[in-house]
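Trainee: Would you mind keeping the following structure in view while I ask a few things?
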Amino acid sequence: MKLHDLKAQGLDLQENIPLSRYTFTQTGGPAEYLAFPKSLEELRAVLAAAREDGLPITVIGNASNLIIRDKGIKGLVLILTGMNEIKVEDSRVRAQAGARIIDTSFAAGKAGLSGLEFAAGIPGSVGGAVFMNAGAYGGETKDCLESATVVTRSGELKTYSNQELNFSYRHSLLQENDEIVIEAVFALKKGDKATILDQMNYLNALRSYKQPLEYPSCGSVFKRPVGHFVGPMLIAAGLQGKQIGGAQVSTKHAGFIVNKGGATATDYLNLIHYIQKTIKEKDGIALQTEVRIIGEE
Ligand SMILES: Cc1cc2nc3c(=O)[nH]c(=O)nc-3n(C[C@H](O)[C@H](O)[C@H](O)COP(=O)(O)OP(=O)(O)OC[C@H]3O[C@@H](n4cnc5c(N)ncnc54)[C@H](O)[C@@H]3O)c2cc1C
């Protein structure tokens with residue numbers, strides 16, 4: 001079956017859609033095709049149809065850690081926000097990939113389950129959190145993830161244990177294969193509901209105090225180099241406030257690049273390269289991006 005036949009059967013499929021509508025930076029070019037499968041069955045049918053149509057497939061989550069180049073993405077882009085069920089099962093939380101990790105964290109907290117407090121303010125999806133091994137305030141996805149189920153591009157289902165996912169700082173096995181996370185199970189500890197929710201609200205207050213949440217951004221742009229913090233390095237190099245086009249090194253938190261209005265993905269990329277060049281020359285350190293950069297060059 002072809003992609004357009006699936007659309008006729010109810011698949012939410014759109015053509016030539018600007019992805020800046022979905023990215024947290026509010027930048028990025030169009031997707032040739034954009035689909036929102038609502039179930040595993042529909043997702044598998046879409047994968048099969050895209051194969052038949054010869055279309056490359058790109059899966060994105062909440063696009064909170066993404067820069068999509070201005071020329072956009074050829075082929076089919078999938079967003080899994082329609083697959084967003086979260087279930088609490090005794091001391092485990094089972095969440096579909098398109099659920100927000102924030103909602104998953106609060107579902108756990110409200111059930112008196114501890115372990116996902118660190119994620120209370122991370123604006124990504126469950127799939128993105130597993131892919132990135134997202135973390136904050138001393139916690140990481142790997143600390144409480146029990147297993148993740150994926151579907152391969154050919155439609156096969158596989159479940160990986162925590163160990164098999166080969167997690168490290170902002171890294172997982174999924175960054176080395178093409179597999180698509182569809183569900184994650186978090187193994188948590190029973191605790192006091194009020195204490196857990198207090199901690200989550202406290203971390204979120206700290207986050208709004210320190211981070212420029214009033215502007216579009218993609219969170220921390222660079223990975224932390226061993227023995228250094230990115231923000232202070234950029235401040236020492238005189239880069240805080242540096243602006244190219246509409247993209248600016250945040251004056252509130254130098255690890256963030258904010259869209260001050262009208263930024264393009266090219267502005268973001270030019271500023272990133274400028275920062276990398278400056279820090280390499282000044283400190284001899286090659287800053288690596290944490291943010292994922294995708295799309296046509
Ligand atoms: C204001 C702000 C604050 C942030 N704070 C933090 C923080 O404290 N800690 C932190 O770790 N991050 C933080 N981030 C970054 C971001 O939220 C995380 O990296 C998050 O895990 C990304 O999830 P996402 O769904 O948005 O993924 P996306 O940005 O959409 O995608 C990131 C990568 O994951 C892949 N991916 C997404 N879903 C799937 C899936 N289902 N299967 C396979 N691959 C998939 C994509 O292909 C892409 O390569 C912040 C971002 C913002 C804007």
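The values are calculated or read from the model by the stated rules, or taken from the named source; none is laboratory data. Note that the structure is a prediction, hence the values are computed from the model and not measured. Glycine also receives a Cβ, built like all others from the backbone with ideal geometry; neighbour counts cover every protein chain displayed.
Trainee: Is there a residue in the stretch 125-143 that is away from the ligand (no atom under 12 Å from the Cβ) and at pLDDT 95 or above? Before the answer, list the steps.
Mentor: Pass one, the stretch 125-143, residues away from the ligand (no atom under 12 Å from the Cβ): 143.
Of the ones still in play, those that are also at pLDDT 95 or above are 143.
Scanning the stretch 125-143 turns up at least one residue that is away from the ligand (no atom under 12 Å from the Cβ) and at pLDDT 95 or above.
Trainee: Then there's this: So Gly54 fits all but one of (1) in the same structural domain as Ser154 (by TED's automatic domain parsing); (2) without any contact (Cβ under 8 Å) to a residue 12 or more places away in the chain; what number is the exception?
Mentor: Only one criterion is unmet by Gly54, namely (1).
Here's the yes/no breakdown for (1) under 22 Å from His171 (Cα atoms); (2) at pLDDT 95 or above:
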| residue | (1), (2) |
| --- | --- |
| Ala205 | no, yes |
| Tyr215 | no, yes |
| Lys223 | yes, yes |
| Val226 | yes, no |
| Met233 | no, yes |
| Gln248 | no, yes |
| His253 | no, yes |
| Asp267 | no, yes |
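Trainee: From the set of residues in the stretch 170-206 that are assigned to a helix (DSSP H, G or I) and in contact with a helix residue (DSSP H, G or I) (Cβ under 6 Å, 6 or more places away or on another chain), which is surrounded by the most Cβ atoms within 10 Å (Cβ to Cβ)? Let's see the steps before the verdict.
Mentor: In the first step, residues of the stretch 170-206 are kept if they are assigned to a helix (DSSP H, G or I); the result is 173-175, 193-206.
Narrowing the set further to residues that are in contact with a helix residue (DSSP H, G or I) (Cβ under 6 Å, 6 or more places away or on another chain) leaves 173-174, 196-197, 199-200.
Details: Leu173: 17, Leu174: 21, Ile196: 26, Leu197: 16, Gln199: 17, Met200: 22.
Only one residue tops the list, namely Ile196.
Trainee: Looking for something more than 14 Å from the ligand (Cβ to nearest atom) and more than 19 Å from Gly155 (Cβ to Cβ) - is there at least one such residue anywhere in the stretch 49-70? Working first, answer last.
Mentor: At the first step, the residues of the stretch 49-70 found to be more than 14 Å from the ligand (Cβ to nearest atom) are 49-55, 70.
Within this subset, residues satisfying the condition of being more than 19 Å from Gly155 (Cβ to Cβ) are 70.
Yes, the stretch 49-70 has at least one match.
Trainee: I need the helices (runs of 4 or more DSSP H) fully contained in the stretch 34-141, keeping only those with at least 3 residues that are hydrophobic (A, V, I, L, M, F, W, C) and closer than 30 Å to Tyr268 by Cα.
Mentor: On the way: elements: 40-53, 101-110, 126-132.
It comes to 126-132.
Trainee: Would it be correct to say that Gly121 is touching a Lys or Arg at 6+ places or on another chain (Cβ under 8 Å) and near the ligand (Cβ under 8 Å from one of its atoms)?
Mentor: Values: touching a Lys or Arg at 6+ places or on another chain (Cβ under 8 Å): yes; near the ligand (Cβ under 8 Å from one of its atoms): yes.
Answer is yes for this residue.
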